[in-house]
Amino acid sequence: MTEPSGDATSPAGEAEPLAGRLRALIRDIPDFPRSGVLFRDITTLLRDAQAFRAALDALAGAYRDAGVEVVVGIESRGFVLGGALAYLLGTGFVPVRKQGKLPYRTISAEYSLEYGEAVLEVHSDAITPGQRVLIVDDLLATGGTAKATASLVERLGGVVVGIAFLIELSGLPGSAALGDRPHVSLVRF
C-alpha cells in the first residue's frame, strides 16, 4: 500500500486535499534534536480537532477491511495516533517503548534512526501467534524504528498487515527499510 493520492479529500468531502491540509499544520523545527535535523512537529496538527480527526479517519479507512486485531504504537507520538486508531478499528492497543520503560518481561530490538542508535521493547506476551497487527508511528524517515517494531511483532508470531504513518520523508530510505511490508503515509515531504 502506498500514500493515498495527493487529491484525496477529507472525510467531509471538502475540496482541499487532505495531504495539503495536514501539511500546512505541521511545524518545521530546524536543528532539533540536533544540528542538521529538520524536525516535523505534529503537535500543531494534533491541536486542530478537524485535521486530527480527518487524519485518523483516513488512516483507519486504509485498514478498515484488513482484519486488524491489534494496533501497535511506537513511543511516543505513535501512542497518540495508535491509541485512537485502535479505538476506531475496534481493536486492542500494544505499546512499543524505549528500553527499560515496560514493567513486565520484554523482548528487544536495536535500531538506527536518522540521528542515533536506540533499543525498543515490547512485552513478551503482547502479541499472540497469527495475530494481525497494524503498526503506527507519526513519521517514517530512515525506517529503523518501524523495521525494529515489525521485527518484534514478527518474533512474537504476529502478522504485520500494514504500517501507518502520518508523515513520510521521501528523501530518506525509510520505505525501502520496510521491505515488502505494506505502508500508508498521509503526507510526504
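Taken together, the values in this text are just the output of simple stated rules run on the coordinates, not laboratory data. In this text the structure is predicted, and so the values were computed from the model without any measurement. Every residue, glycine as well, gets a Cβ built from its backbone with ideal geometry; the counts of neighbours run over all protein chains shown.
If a/c stays under 1.5 just call it rounded; otherwise compare a/b with b/c (prolate if a/b is bigger, oblate if not). Do that for the range 26-96, with a ≥ b ≥ c from the square roots of the Cα gyration tensor eigenvalues. Don't jump to the answer; show the numbers that get you there.
Working: a/c = 2.81, a/b = 1.77, b/c = 1.59.
Prolate shape, in that a/c is at least 1.5 and a/b is the bigger ratio.
Across the range 68-122, counting alpha-carbon atoms alone, Rg and Dmax equal 12.1, 35 Å.
For the pair S151 and D180, label points projected 7 Å from Cα toward Cβ lie 1.9 nm apart. Label-to-label distance, A118 versus T43, with points set 7 angstrom from Cα along the beta-carbon direction: 1.6 nm.
Taking trypsin sites (Lys or Arg not before Pro) as exposed when DSSP calls them loop (any state but H, G, I, E, B) and at most 16 other Cβ atoms lie within 10 Å, what is the longest stretch of the chain free of them, the sites themselves excluded? In short, 106-189.
Gain in length, R64 to L172, computed as 0.36 nm per residue apart minus the alpha-carbon separation, to one decimal in nm? Provide the component values of the computation, followed by the final result.
Details: separation 108, 0.36 × 108 = 38.88 nm, distance 2.83 nm.
Gain in length upon complete extension: 36.0 nm.
Computed over neighbours whose Cβ is under 11 Å from that of V159, the net charge equals 0, Lys and Arg +1, Asp and Glu -1.
Between Y104 and D31, the modelled label-to-label distance comes to 4.5 nm, taking each label 7 Å out from Cα in the direction of the beta carbon. Counting other beta carbons within 10 Å of each Cβ, put H123, H183 in order, fewest first. Listing H123, H183 from fewest to most nearby Cβ atoms yields H123, H183.
Binning at 10 Å from 0, report for the chain what percent of all alpha-carbon pair distances ends up in each bin. The calculated distribution, bin by bin, is 10, 39, 37, 14, 1.
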